[in-house]
Structure formats: C-alpha cells, structure tokens
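Everything below concerns the one structure shown next.
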C-alpha cells in the first residue's frame, strides 16, 4: 500500500502542475486581455484546484504511513536535510500552497461578471505554484 501511495503521489504531482499552470495561464490571458471573468473561466480555475486538493489528501495519508513523515518526528530529523524536507518543509509548503490556491479560487468564484476574478486566480495560483515548485523533492521524482 505504501509503495502504491508513493507512486500515486509522485505521478499526481504532474497533474497538479499541469492544472495549476493551465489555470494560471488562462487567468493571465484574461487579465491582460481585459476580458470579463465568466463561468467558463471559473471552471478553468477548477483545473488547478481539484488535482491540488486530491494531491493534498493523498499526501496527508502518505505523511502518516510513511517512515519519512510523522514517524521521523525527532530533533534528529531537523539536523538531516532530507528528513527535514519530508517531515516539515515539504508538508508545510504544500499545505500553504493548497490554502493559497483555495483562497484564490474562492475569491474568484464570487467575482463572475467582473475583471477581478482573473486577478485573484493569477496572484494566488502563482504564489501557490512557487511554493509547490520550491519544495518538490526533485531527486525522488520518477525517472530520477
């Protein structure tokens, strides 16, 4: 089960990145194109939100069953950069990224019919994407 969750979490990350990038690019195109935020644009924002939430749930389960997650909680984990990444840095940054993306979508969905919806998605999804990219354990990704 643990190995399956690891693989799911690793491959789902590609879907998260793709969804967030598509949503972000769509929002930037609408923002700089001077368009009105429509229901279709709101649904494009879901391409980033849904896989991010799904990934968070899988990651949360993995955190509690992985020997690199909660099991490694100790003062020694803080001295080892790999342990610290999996125990603290990666989960913390991903939770913050999920919160930012959720806030961006929640603000935008109330702004259908205005131009502000694009700005909410662009700002919050970009910040979330930066956090995600900053703490992905690149050396553990499939193919590395």
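Considering the stretch 89-111, the residues that are closer than 18 Å to residue 40 by Cβ and surrounded by 15 or more Cβ atoms within 10 Å (Cβ to Cβ) include one that is farthest from the chain's Cα centre (by Cα), namely 111.
Scan the stretch 37-54 for residues that are out of contact with any helix residue (DSSP H, G or I) (no Cβ under 8 Å at 6 or more places or on another chain) and not in a helix (DSSP H, G or I) and the total you get is 1. The condition of being at pLDDT below 95, at negative phi, over 18 Å from the mean Cα position of the chain (by Cα) and assigned to a helix (DSSP H, G or I) holds for only one of 144, 139, that being 139.
Scanning the stretch 45-62 for residues that are over 23 Å from residue 137 (Cα atoms) and buried (at least 21 other Cβ atoms within 10 Å of the Cβ) turns up just one, 45.
Just one of (1) outside any helix (DSSP H, G or I); (2) within 25 Å of residue 6 (Cβ to Cβ) fails for residue 130. It is (1).
So that you can scan it fast, the table gives a plain yes or no per residue for (1) surrounded by 13 or more Cβ atoms within 10 Å (Cβ to Cβ); (2) out of contact with any strand residue (DSSP E or B) (no Cβ under 6 Å at 6 or more places or on another chain); (3) farther than 30 Å from residue 67 by Cβ:
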site: 5; (1), (2), (3): yes, yes, no
site: 9; (1), (2), (3): yes, yes, no
site: 16; (1), (2), (3): yes, yes, no
site: 24; (1), (2), (3): yes, yes, yes
site: 29; (1), (2), (3): yes, yes, yes
site: 32; (1), (2), (3): no, yes, yes
site: 41; (1), (2), (3): yes, yes, yes
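When you look at residue 31, is it farther than 16 Å from residue 112 by Cβ and assigned to a helix (DSSP H, G or I), yes or no? When the stated conditions are applied, residue 31 does not pass them.
The values are calculated or read from the model by the stated rules, or taken from the named source; none is laboratory data. Treat the numbers as computed from the prediction; the structure is a model and nothing was measured. All Cβ positions, even for glycine, are placed from backbone atoms using ideal geometry, and neighbour counts span all protein chains on display.
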